[in-house]
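Taking it in order: structure first as structure tokens, then the write-up.
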Amino acid sequence: MPERIREVIAFLAEVLAPRAPLTVIVDGGDHGAAASFAARLAVAFPPSARAWTVDAVLGLSGPAGGRSDSALNVLEPAADRVIVYLRSGPRGRRTNGDGERRAQVVIDHHDPDWPVIRHVHPRLADPERWYLTESRAFFGARAADWDAKFGDDLPAYAKAVETAEPRPGDLALDVGCGTGRALPALAAAVGPTGRVIGLDLTPAMLAAAKDAGRDGGAALVLADARRLPLPDAVAGLVFAAGLVQHLPDPAAGLAELARVTRPGGRLMLFHPAGRAALAARHGRALRPDEPLNEDNLGPLLTAAGWELARYEDPDDHFLAMAVRAVRSAQ
């Protein structure tokens, strides 16, 4: 068994097995992926825990070939039941949005040899137990090819920085900077009297930014967006591309971004594709509970100490600009 699979299975067994007796349902996956994953979980669990798989066509079946009378009922959340959903299959193919919505554990399984945990319900495990390791596993494996896949996005980043209007002499932060695609535009905007810091929690992403020469006008810092190594109220602009939706607690993340921003400073949340276009690219539908939904984002920003000033979500980009409120967040 590949080491990455072993790590994920061991973590799930550690988190779930103490809750036995428990039914663990593995949903999603292609070409027997759910059955294979469930079988590995079953081996890791004690006999009192049961690992099952779900086949969308044949109904509910287990490692021994049993079948439930009601697959629909067993796929609803319950105290003695945990649903593990595998995101997999060709990019752009519509996946089972309801299956992921119901799941307490979501795993990126597009590469079956490199599964990565993307969500664990807080009642099962505190994010401190999995978020940092799994995020680095997810983005670290993609860092080397990131610019080759998304290099055409550079003009969109430059336009987003222009829209954010960094001021000469500002301290501008790019939080979750990845390979640093916004850093040159930020450095040019704040000028020689300003300062730019790119922060990311994945060493491989920062290495790719350096290899691309984007550290010339910016400092690169290894840091978790949830705990930025900066004093209060120092930044004039925080740029965050594709960050908030990856945080286990978006509200807490937005509050941390507010902490390091001076009153009147700005926050630019950005992605070079609109939410609907991005969801379609990943083969899923938008859900009303997503944090970047305007109805949700406005209250989240307000509670964190921001005032939403601009919101755009056409197919070719997403941006939300907010201003740091003069009053403190309550």
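Overview of values
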quantity: Under 5 Å, built H, 5+ apart or other chain: amide partners of His119; calculated: Val106
quantity: Long-range amide H partners of Ile25 with built H, under 5 Å; calculated: Trp52, Val82, Ile83, Val84
quantity: With Cα atoms, 0 to 90° folded angle of helix 131-140 axis to the chain main axis; calculated: 80 degrees
quantity: For peptides 276-283, 146-153, sequence by mean Cβ density within 10 Å, most packed first; calculated: 276-283, 146-153
quantity: Förster radius 35 Å - calculated FRET efficiency between Glu7 and Ala276, Cβ distance, rounded to 0.05; calculated: 0.55
quantity: Segments 112-118, 293-299 sorted - mean Cβ within 10 Å per residue, highest first; calculated: 112-118, 293-299
quantity: Dipole of the chain, positive direction: furthest Cα of Ala223, Pro248, Ser48, with charges on the beta-carbon; calculated: Ser48
quantity: Length added when fully stretched, Glu290-Tyr311, from 0.36 nm per residue minus Cα-Cα; calculated: 6.1 nm
quantity: Phi-based couplings in Hz for the stretch 22-27 (Karplus 6.51, -1.76, 1.60; Gly and Pro marked x); calculated: 8, 9, 10, 9, 9, 10
quantity: Theoretical FRET efficiency, 1/(1+(r/R0)^6), r = Cβ-Cβ of Asp113 and Glu14, R0 25 Å, to 0.05; calculated: 0.75
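Every number in this text was worked out from the coordinates using simple rules, so none of it is lab data. Here the structure is a predicted model, which is why all the values come from computation and not from measurement. All Cβ positions, even for glycine, are placed from backbone atoms using ideal geometry, and neighbour counts span all protein chains on display.
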